[in-house]
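Right, one structure below, let's go through it.
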Amino acid sequence: MGIHIGLHSITKVVQLGFLVVALFFTSCSEGGKESVTDEVSIDYRSHRLDLDMYTVSQAYQNNPRPDSSILYKQYFAVHRDFLVDWIFYGEDSLATDSVLTVFMAEFLSDPNAAALFSDIEKRFPPSGEDPFAGMENLLLHLKYYFPSHPTPVLFTFADGFPGTFQAGLEHLFISRRYIGVGIHYLMGKSYRFYPPDMPQYLRRRCNPEHLPSLVAHQYADFFIPPPPVESNPVLLDHIVYHGLKMYLVDKLLGPEVPDSIKLFYTDQQMLWANTYEARAYKEMIGDLYNFDAALIRRYTGDSPFTSHLARGSAPRLGQFIGWKIVQNYAEKHPEESVAELIARTDYKAIFQRSGYRPE
């Protein structure tokens, strides 16, 4: 049994795509030891929209016919811009106040929604654990490396769960103005209403500790486009591409966050990767210029282990080794800023100039 509800499933909205504004960022100089919290300041703002949603869901349960327009004006109208970005992908022409009122009313009047929000309120009461712990640190790093980028406002929301994991998990979104966090996916790995086929390795990330890393990976996806298919990228290209993403994730999270959190590894998997790095790389060498898509997925795709190696191996060894390659390159080329490095697409040159040779 699960709660399979959501604003997007109630009324089908034509998905106009996620409009990402072109980012022309200028990176700060990066000499010496990094201490970004001393060098930058931000206007850090957050809002627990899920608590407003909880209050409104209770109002619907206590009074089957409340005035939805009054509830919308009282709790949601002030956050209209966020709702437009969240529900309508930033397409304001589709989102009149009356439409938004109907969306919120149909979802929040559902008894299943009331049960979900009740669980969330118990797990994250207003005076309890901060679900955004660690996010200010990430936003400080974002401002340090990309000073032109506006500091987004943080919002929590809840949108129910799909009936199956394969339907997709809408737990995060990033726009130029906001970071939306689906707090219903921070309920711990054993929460009863997750999709029943949701893998354990993904459930492990469903907590506030992993939230900054999840967001950093989203930023890496948006800032660094994958190798174009028409270029016939080989395994090496994908390894270095993922290494560039991990390099950015590392910079956005800073040295305060353990590498295991950045990689979504358990402590045991982190130990495995560090111990067997040279042997795993030796296994890869013969396939570096192979463009077989299945092979590339086995080395870089999200999974409980790297299926091209041993069942007990750390997952995504291609990403781990790619990160090591890019770290080596960055150490040998300190004149390149983070913004300049992540913009590079000459993956083979990065590899060759990195001098990466694990012992």
**OP:** Answer yes if at least one residue in segment 313-324 is basic (K, R) and under 28 Å from M198 (Cα atoms), and no otherwise.
**Re:** yes
Original post:
Which is within 17 Å of V240 (Cβ to Cβ), touching a residue at least 40 places away in the same chain (Cβ under 8 Å) and in contact with a Cys (Cβ under 9 Å, 6 or more places away or on another chain), of V326, V338?
Top reply: V338
Original post:
If you take the residues of segment 288-301 that are among the charged types (D, E, K, R) and either more than 20 Å from the chain's Cα centre (by Cα) or in a loop (DSSP other than H, G, I, E, B) (or both), which of them is surrounded by the most Cβ atoms within 10 Å (Cβ to Cβ)?
Top reply: R298
Original post:
What tally of residues in segment 302-322 results from selecting those that are closer than 12 Å to L244 by Cβ and open to solvent by 10 Å² or more (accessible area, probe 1.4 Å)?
Top reply: 1
Subject >> Residue in segment 143-165 that is of a type in the set (V, I, T), over 18 Å from D50 (Cα atoms) and open to solvent by 50 Å² or more (accessible area, probe 1.4 Å) present >> reply: yes
**OP:** Could you tell me whether E335 is modelled with pLDDT under 95 and either open to solvent by 50 Å² or more (accessible area, probe 1.4 Å) or part of a helix (DSSP H, G or I) (or both)?
**Re:** no
Original post:
Mind checking which residues of segment 338-357 are out of contact with any Lys or Arg (no Cβ under 7 Å at 6 or more places or on another chain) and assigned to a loop (DSSP other than H, G, I, E, B)?
Top reply: A343, R344, T345, D346, R357
Original post:
Can you tell me which residues in segment 105-140 are in contact (Cβ under 8 Å) with a residue 60 or more places away in the chain, closer than 18 Å to G182 by Cβ and among the aliphatic types (A, V, I, L, M)?
Top reply: A113, A115, L116, I120, A133, M135, L138
Original post:
Within segment 99-127, how many residues turn out to be in contact with a Lys or Arg (Cβ under 9 Å, 6 or more places away or on another chain) and open to solvent by 30 Å² or more (accessible area, probe 1.4 Å)?
Top reply: 1
Original post:
Is there any pair with a first residue in segment 257-280 that is over 16 Å from S213 (Cβ atoms) and of a type in the set (D, E) and a second that is in a helix (DSSP H, G or I) and open to solvent by less than 30 Å² (accessible area, probe 1.4 Å) whose Cβ atoms are under 8 Å apart and which are 6 or more apart or on different chains, and what are they?
Top reply: E277/F320; E277/I321
Original post:
Do the conditions hold for R353, that is, is it over 19 Å from T275 (Cβ atoms), touching a His at 6+ places or on another chain (Cβ under 8 Å) and open to solvent by 50 Å² or more (accessible area, probe 1.4 Å)?
Top reply: yes
Original post:
Mind checking whether some residue in segment 239-258 is assigned to a helix (DSSP H, G or I) and surrounded by fewer than 21 Cβ atoms within 10 Å (Cβ to Cβ)?
Top reply: no
Subject >> Unique match (being of a type in the set (A, V, I, L, M) and closer than 16 Å to Y265 by Cα) among L317, L295, L341 >> reply: L317
**OP:** Residues being more than 24 Å from R177 (Cβ to Cβ) and free of Cβ contacts under 8 Å to residues at least 12 places away in the same chain: count how many of those fall in segment 65-84.
**Re:** 4
Original post:
Of all residues in segment 259-270, how many are part of a helix (DSSP H, G or I) and farther than 25 Å from G355 by Cβ?
Top reply: 5
Original post:
Which is of a type in the set (A, V, I, L, M, F, W, C), under 19 Å from F222 (Cβ atoms) and in contact with a strand residue (DSSP E or B) (Cβ under 9 Å, 6 or more places away or on another chain), of I120, I179?
Top reply: I179
Subject >> Only listed residue being within 17 Å of the chain's Cα centre (by Cα), open to solvent by less than 20 Å² (accessible area, probe 1.4 Å), closer than 23 Å to V56 by Cβ and at pLDDT 95 or above, chosen from L186, L211 >> reply: L186
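The values are calculated or read from the model by the stated rules, or taken from the named source; none is laboratory data. All of these numbers come straight from a predicted model, not from anything done at the bench. Glycine gets a Cβ as well: all are built from the backbone with ideal geometry, and neighbour counts include every protein chain shown. Heads up: the accessible areas ignore ligands, DNA and RNA and are worked out on the full protein's heavy atoms, side chains in. Shrake-Rupley method; radii C 1.70, N 1.55, O 1.52, S 1.80 Å.
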